[in-house]
Amino acid sequence: MLDSLLRLLRKLATFVGSPRRDAPANIRRDFPTGWLPWVEALPFYQGLDEEEKKHLLSITCVIVDNKIWSGMDGFDVTDEVKVTIAAQAALPLLRIEHQFYRGVDEILIHPTTYKVSTRNIGPGGVVVEGKTEVLGTAHSDINIVVLSWQSARQGGTNWEDGRNVVIHEFAHKLDMLDDYVDGTPPINCRDQYAAWVRIMTKEYEKLVSMDKKGKKTVLSKYGATNPAEFFAVSTEAFFEKPRQIRKKHPELYEQLRAYFNQDPAARLDH
C-alpha cells in the first residue's frame, strides 16, 4: 500500500491540468426510438431527471456508434446488447470530463463468463499457471474492454446488489486515463486530489482490515485486492447502493460524489 500511496503522491506533485478532450467521430442528432425500451428497462434510468435522461441517451449513442463491438465464442452482438451495455457505461459520465472513454476502442462480448490465463508466484518462488473464470476485464496495455453479456444484462436489471460489471470495468478505464492503474482517475482540482489520496487510502486500508478479520461490509471484499479494484468496486456500490455507502462510508461517498458530480443517494431520497 505504501508503494501505491507514493505513486499517488508523485502524480499529485506533477499534476499539470485537465486531460485532453477528443471529439467522437459520429454523433447522432436523435436517439432511435426502437432503442428506448432497452434503456427504460434499466432501473436507474427512471431515477434521472429529464436533463440527465437526455444526456445519457446522447452519450449512449456515441458509445454505440464509435466503439467496435465484437462477439466472442459465436455470440451475436445485437443493438440490444450494445445499447444495454452502453447505457450503463454512460451513467458515470453524466457530469464529468470523460472523452467518451477514449481509452476504449473495442468492446468484446462473451455470451457468459469466460476464462483468462493467470500466473502466480507460490511458496518457494514456484510459478503456478492456470485459468480463472471472470465476468469482465479492462486491459491497461490495449484499448479493449471484455464483458460477459449474461453478467452485463443481470447487473443492469438488478440495481440493488451493488454489483455491476459494466460500471466496474469502465471505472477501470476512467482510472487509466492518466496512464496509471492505481485507483485514482484524473482530478482537476489540487485540493480535491489531495483529499482523494488521503481518504481513499484510508478507506482501502479499512476494507483490507475488515477482509482479513472476516467482517461483513457493504463493499465487495474484492475491492481489498488493490487500490485499482477498490475504486472500481466503490464505484459500483456508489451507483447501486448509494444510501448504504453514504451511511456506512460517508467520507468515501463524498469523494465519489465530488468526482462524479452526482448524488445517487439524493435521487433515491426524492
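The values are calculated or read from the model by the stated rules, or taken from the named source; none is laboratory data. Keep in mind that what you see is a predicted model, and the values were worked out from it rather than measured. All Cβ positions, even for glycine, are placed from backbone atoms using ideal geometry, and neighbour counts span all protein chains on display.
Within the stretch 12-35, identify whether any single residue is modelled with pLDDT under 95, surrounded by fewer than 16 Cβ atoms within 10 Å (Cβ to Cβ), within 30 Å of residue 209 (Cβ to Cβ) and out of contact with any Lys or Arg (no Cβ under 7 Å at 6 or more places or on another chain), and answer yes or no. For the stretch 12-35, residues modelled with pLDDT under 95, surrounded by fewer than 16 Cβ atoms within 10 Å (Cβ to Cβ), within 30 Å of residue 209 (Cβ to Cβ) and out of contact with any Lys or Arg (no Cβ under 7 Å at 6 or more places or on another chain): present. Scan the stretch 63-89 for residues that are of a type in the set (Val, Ile, Thr) and either modelled with pLDDT under 95 or part of a loop (DSSP other than H, G, I, E, B) (or both) and the total you get is 2. For the stretch 157-270, the helices (runs of 4 or more DSSP H) that sit wholly inside it and include 3 or more residues that are farther than 22 Å from residue 113 by Cα and touching a residue at least 12 places away in the same chain (Cβ under 8 Å) are 190-213, 227-240, 242-248, 250-260, 264-269. The single condition from (1) in contact with a helix residue (DSSP H, G or I) (Cβ under 9 Å, 6 or more places away or on another chain); (2) at pLDDT 95 or above that residue 106 fails is (1). All of 59, 27 fail the test of being over 16 Å from residue 153 (Cβ atoms), part of a helix (DSSP H, G or I) and out of contact with any strand residue (DSSP E or B) (no Cβ under 6 Å at 6 or more places or on another chain), apart from 59. The criterion of being farther than 17 Å from residue 262 by Cα, among the aliphatic types (A, V, I, L, M) and buried (at least 16 other Cβ atoms within 10 Å of the Cβ) does not hold for residue 210. Contact map, the stretch 85-114: residues that are over 20 Å from residue 185 (Cβ atoms) and without any contact (Cβ under 8 Å) to a residue 40 or more places away in the chain paired with residues that are assigned to a strand (DSSP E or B) and among the small types (Gly, Ala, Ser), Cβ distance under 6 Å, separation 6+ or inter-chain. Pairs shown: 108/70; 110/148; 112/148; 113/148.
Among the numbered conditions (1) modelled with pLDDT under 95; (2) in contact with a Phe, Trp or Tyr (Cβ under 9 Å, 6 or more places away or on another chain), the only one that residue 167 does not meet is (1). Check residue 150 against each of (1) within 28 Å of residue 42 (Cα to Cα); (2) crowded, with 18+ Cβ neighbours inside 10 Å; (3) modelled with pLDDT of 95 or more and name the one condition it does not meet. Condition (2) is where residue 150 drops out. Annotation note: Cβ proximity below 9 Å between a residue of the stretch 57-71 that is within 13 Å of residue 27 (Cβ to Cβ) and a residue that is of a type outside the set (Gly, Ala, Ser) and in a strand (DSSP E or B) (sequence gap 6+ or interchain) occurs for 63/107. Scanning the stretch 64-93 for residues that are surrounded by 15 or more Cβ atoms within 10 Å (Cβ to Cβ) and polar (S, T, N, Q) turns up 66, 84, 88. Among the conditions (1) touching a Leu at 6+ places or on another chain (Cβ under 9 Å); (2) at negative phi, residue 222 misses just one, which is (1).
Test residue 206 against the criterion of being more than 21 Å from residue 85 (Cβ to Cβ), modelled with pLDDT under 95 and not β-branched (Val, Ile, Thr), and give yes or no. Considered against the rule, which asks whether it is more than 21 Å from residue 85 (Cβ to Cβ), modelled with pLDDT under 95 and not β-branched (Val, Ile, Thr), residue 206 comes out as no. Can you pull out every residue in the stretch 210-260 that is among the aliphatic types (A, V, I, L, M) and under 13 Å from the mean Cα position of the chain (by Cα)? Listed by number, the residues that qualify are 228, 232, 233, 237, 256. How about the stretch 44-79: which of its residues are touching a Lys or Arg at 6+ places or on another chain (Cβ under 7 Å) and of a type in the set (Ser, Thr, Tyr)? If the condition is that a residue be touching a Lys or Arg at 6+ places or on another chain (Cβ under 7 Å) and of a type in the set (Ser, Thr, Tyr), then 45 is the only one that fits.
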